[in-house]
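Report on one structure; see the data block that follows.
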Amino acid sequence: MPYYPGYHPVARAAVAFTAGAVVAGTIVASVPTSCETLVVNGIAYRRCSNGWYEPRYQGHDVVYVVVPAPR
């Protein structure tokens, strides 16, 4: 993923979790440890009270992208 000036994954994570609702496509650096891991179609999604997160790589780091509930 390219670098965007002003992008700060931790700040975005704080906004996403404190807002209660999350928007698909939002990238967060981590999810709370209370989120459960559910494997759907071979992907280990994280399900939290406020949404579903799909792990992806950003360089060498794992980040989480807000996604609709998998089917």
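Where a number appears in this text, it was derived from the coordinates with a stated rule and is not lab data. A quick note: this is a predicted structure, and the numbers were derived from the prediction, not measured. Please note: Cβ atoms are built from the backbone with ideal geometry, for glycine as well, and neighbour counts cover all protein chains shown.
From most to least packed by mean Cβ count within 10 Å, the peptides 54-63, 24-33 give 24-33, 54-63. Multiplying the residue separation of T33 and Y57 by 0.36 nm and subtracting their alpha-carbon distance yields 6.7 nm.
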